[in-house]
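Only one structure is covered here, and it is reproduced in the block below.
The values are calculated or read from the model by the stated rules, or taken from the named source; none is laboratory data. What you see is a predicted model, and the numbers here were worked out from it, not measured in a lab. Please note: Cβ atoms are built from the backbone with ideal geometry, for glycine as well, and neighbour counts cover all protein chains shown. For the accessible areas, the whole protein counts, side chains as well, though only heavy atoms, and no ligand, DNA or RNA atoms are used. Shrake-Rupley method; radii C 1.70, N 1.55, O 1.52, S 1.80 Å.
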Amino acid sequence: MEFLTLVNYYEQLEATTKRLEMRDILIQLFKEAELEEIDKIAYLTLGTLYPAYVGIELGVAEKLAIRALKMVTGFDESKIEELLNKIGDLGQVAENILSQKKSQLVLFTQPLSVLDVYNKLDKVAKMSGEGAIENKVKTLAGLLAQAQPKEAKYIIRLLTGKMRLGVADMTIIDAVSMLFGGTKEAREVFERAYNISSDIGIVVREAKKSGIDGARSIKLSIGRPARPMLAERLSDSKEILEKLGGRGLAEYKYDGERLQIHKNDSDIIIFSRRQENITHQFPDVVERCRSRLRARKAIVECEAVAVEPDTGDMLPFQELMHRRRKYDVEKAAQLYPVSLFFFDALLINDEELLDRPLLERRSILDEIVDKSEDISLTKAIEVSDPEALDRYMLKAVEDGCEGVIVKDISPRSIYTAGARGWLWIKYKRSYVSKLIDTLDLVVIGAFYGKGKRSGKFGTVLVAAYDKSMDMFRSICKVGTGFKDEDFDKLTEMLKQLAVPHKPPRVDSTMVPDVWVMPQLVLEIVGDEITLSPVHTAGFGKIAKDAGLAIRFPRFTGRYRFDKAPEDATTIDEVIEMYKSQLKVIQPKEEVEPT
Ligand code: ATP
C-alpha cells in the first residue's frame, strides 16, 4: 500500500469522533491492506511500531525532528519553533512548510510505500550509541525529502509520539471481528487471541491469513505477556459468597505491584500489569525466580510487595517507586527489597493452564514454587461462612494488606485473560465503611489555576471508562490532594497530551480550559457518589436526567502509570458503588468505620 493511501485513511479517521464510523474506516483499511503489511499498519495506526511488550518506542524529541525539517526545507530552527508555538502541532507545521518549499522535488521521487516508511522509522528507533543523533536526523531528513506534505504530517506525529487518532486496541479488534468474523462468537475469539498475546499486530495478521481459525491458532507464548485477569468488587461478605455459589478461596490482597513472570530455563522476563517489560527493575526477582521456580518453562503471576529490610514487614505500594529508575537499580533492590506472593499459573512447561480450574492451577503453582521467607504463595483459606470471611478480611488488613480477593473455585473458575469478572471479587475494608473506595480515573481536561497556581493547571477534569461503548465519560473535577510538585508535574505531563478539540472517545458537556487525550490515570478518593446533571458518566442509568459524580474528590497522590486508560474504573463499577452505597450497611461488631 502506498503511504499516501494510509494517510488518506488517517485523515478520514481524524475527521470523526464516532466510534462506529472509525470502525468502518478501519474495516476498509484492513480490507485493502496486504498480508505482509497489515500488522505494521495496525501498529502505526496506534502510533507505535511494536506492541508495548517489545519496548521499542519511537519517541523522538521534537528538537531532533525540527533539525530534520530544517535540513529538508531550509527553514531556520527558530522559525519552525515559532510556528510550532503558534500551531501547537509539529506535524501540521511540517505539512505547511513542506507545501511551501517542496512542490517540485516531490515530482521526481518515487511514491513512498507503507513498508518504506515503517522500515525507516524502525531503523531510527533502533539507532543508539555514538553518532546516533546525527544518524537519526539524516535518516529522517531523507525520509521527509521523499514525503508529500501531508505524509510528512503523519511521519512527524508518529516520530514524536503524537499520533492521536483516537483509535484504541479494542477499536481494531472490533473492526477485524466484523471483517473476518461477523458474529458475536467470532468477536470473543478475536478478543481472546488479543488478550493472551497482547499483540494487535499478530491478531490482524492471523485474521487476514486465515480468518477466525487464524485467531484461534494464537496461543499463550513465553516472551509475550497475557493481559491480566481482574476482579469485580462487592461490599458484603454474604453477597460475595452467594455470587460464588456459597464457597470461595479468600486470598490476601497484597498492596504491591503485579508481576507476570516468564521463565524459559535461565531466561527470565518480567512484565508489568500493562504488559511492559520491566525486567531491569527487578534484578533480585530475576535471580530468585531462576533458582526458586522449579519448572523449565513457566508463566506465573505474583504480587511483589516492598518490605522493611530489617523486619520483613510489608510496606505500602509507593515504596516500589524507588525501582522505577534506569540506573543504580541493583542498589535500589538492596535498599528496598521485595517479597513475592504467587497467585496464579498460566503455563507450566508445555502445558497451557488457562482453562483449568483455580484450585488445580494453584496446586501446580504450589509444587513449583520453592518457598522461603521472601517467596511464597498468597495466604489463603477456603470460606463458606460470611462471618469467617469478614474475620479473614480484617486479619488481612491487620497484616498490612488492602483486604482480600475471594475467588471462584468451581469447575468454571478458569483464568480469563484481560477480563474483569465475577470469578474474582475484591473485598476491602474501605467498602464496609461509609467512605467509598478509591477510583482510578482518566484525565480528559484541565483548568488553569489562580494565584500561586497561575500559569499551571490547578484542577483536572476526570472520566470513568464506559467499557461497552469504549468511551471516557466525565465524572468530576479534582483540585485537591495535589502537592506543589504535583502541579508542576501535572502541567508538564498534560501539556504533552493537550489537543485543540474534545478528543475522540471523550464524552463531556463540561468544557475545560484545555482538552487532553485520555491517557493519564489518577487515583481519586471521594466521600460519596451522587447524582449530577452536569457529568455524563452513567447518564440516564440511575435517573433520567442525571449522570453520576464524585462528591469531595481528592487526589490520593498515586499516579497510576501502571494502568492504561482502558484499565480505569468503569462506569458499571461506579454504578455498582452507587447502588451499594444506598444499601444501609450495618457496621458489624468488629468493623469500625474508617
Ligand atoms: P487496584 O486498583 O485495587 O490495585 P486493579 O484495578 O489494579 O486494582 P483489581 O482487579 O482491582 O486490579 O485487583 C487485582 C489486583 O490486585 C491485581 O492486579 C494484583 O495486582 C493485586 N493482587 C493482590 N493480591 C492478589 C491476589 N491474591 N490475587 C490476585 N491479585 C492480587
Net charge of Cβ neighbours under 13 Å - reference residue 358; Lys, Arg +1; Asp, Glu -1: -2
Across 40/123; 184/502; 184/243, pairs whose alpha-carbon gap is larger than 23 Å: 184/502; 184/243
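Around residue 221, with a cut-off of 12 angstrom between Cβ atoms, what is the net charge of the other residues, counting Lys and Arg +1 and Asp and Glu -1?
On the way: positive: 219, 224, 297; negative: 199, 350, 352.
It works out to a net charge of 0.
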Dipole in debye (nearest 20) - the chain, about Cα centre, beta carbon charges: Lys, Arg +1; Asp, Glu -1: 1440 debye
Set of aspartates and glutamates with alpha-carbon distance to residue 452 below 20 Å, sequence-local pairs under 8 removed: 484, 485, 486, 488, 492, 513
Sparse-neighbourhood loop sites, trypsin sites (Lys or Arg not before Pro) in segment 209-249 - DSSP loop, at most 14 other Cβ within 10 angstrom: 219, 247
Pairs of alpha carbons in segment 48-160 whose separation is greater than 22 Å (percent): 28 percent
Taking the convex hull of Cα positions in the chain, its mean projected area over all directions (nm²): 28.2 nm²
Accessible area of segment 110-176 divided out per residue, in Å², using a probe of 1.4 angstrom: 35 Å²
Three semi-axes of the equivalent ellipsoid, segment 391-433, Cα gyration tensor, whole Å, largest first: 23, 11, 9
Eligible lysines near residue 253 by straight Cα distance, threshold 17 Å, same-chain separation 8 or greater: 379, 395, 407, 426, 428
Rounded to the nearest 10 Å², the accessible area of residue 35 at probe 1.4 Å: 70 Å²
Accessible heavy-atom area order of 170, 469, highest first, probe of 1.4 Å: 469, 170
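Which of rounded, prolate, oblate describes segment 230-433, given a ≥ b ≥ c as roots of the alpha-carbon gyration tensor eigenvalues and a/c under 1.5 marking rounded, otherwise prolate only if a/b is larger than b/c? Can you show the working numbers first?
Working: a/c = 2.02, a/b = 1.33, b/c = 1.52.
Taking the square roots of the gyration eigenvalues as a ≥ b ≥ c, segment 230-433 is oblate.
Sorting 262, 322 by accessible area (1.4 Å probe), largest first, what list results?
If we order 262, 322 from most to least accessible, we get 322, 262.
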Linear extension gain, residue 391 paired with residue 370, 0.36 nm per residue minus alpha-carbon span: 4.6 nm
Sulfur and carbon atoms: percent of accessible area, segment 398-544 [1.4 Å]: 54 percent
Protein accessible area in segment 92-197, 1.4 Å probe - carbon and sulfur %: 50 percent
At most 16 other Cβ within 10 Å, DSSP loop - GluC sites (Glu not before Pro), segment 25-125: 34, 57
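Using heavy-atom solvent-accessible surface (probe 1.4 Å) with all chains present, what is the largest-first order of 269, 41? Numbers along the way, then the final one.
On the way: 269 50, 41 0 Å².
The ranking, largest first, comes out as 269, 41.
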Segment 275-310: GluC sites (Glu not before Pro) in DSSP coil with no more than 14 other Cβ atoms inside 10 Å: none
Coordinate range along principal axes, alpha carbons of segment 415-500, Å, largest first: 48, 33, 19
Positive dipole terminus of segment 436-535, leading residue within 494, 454, 530 (C-beta point charges): 454
For the chain, calculated [θ]222 nm from helices alone, where every DSSP H run of n ≥ 4 adds -39500 (n - 2.57): -12000 deg cm²/dmol
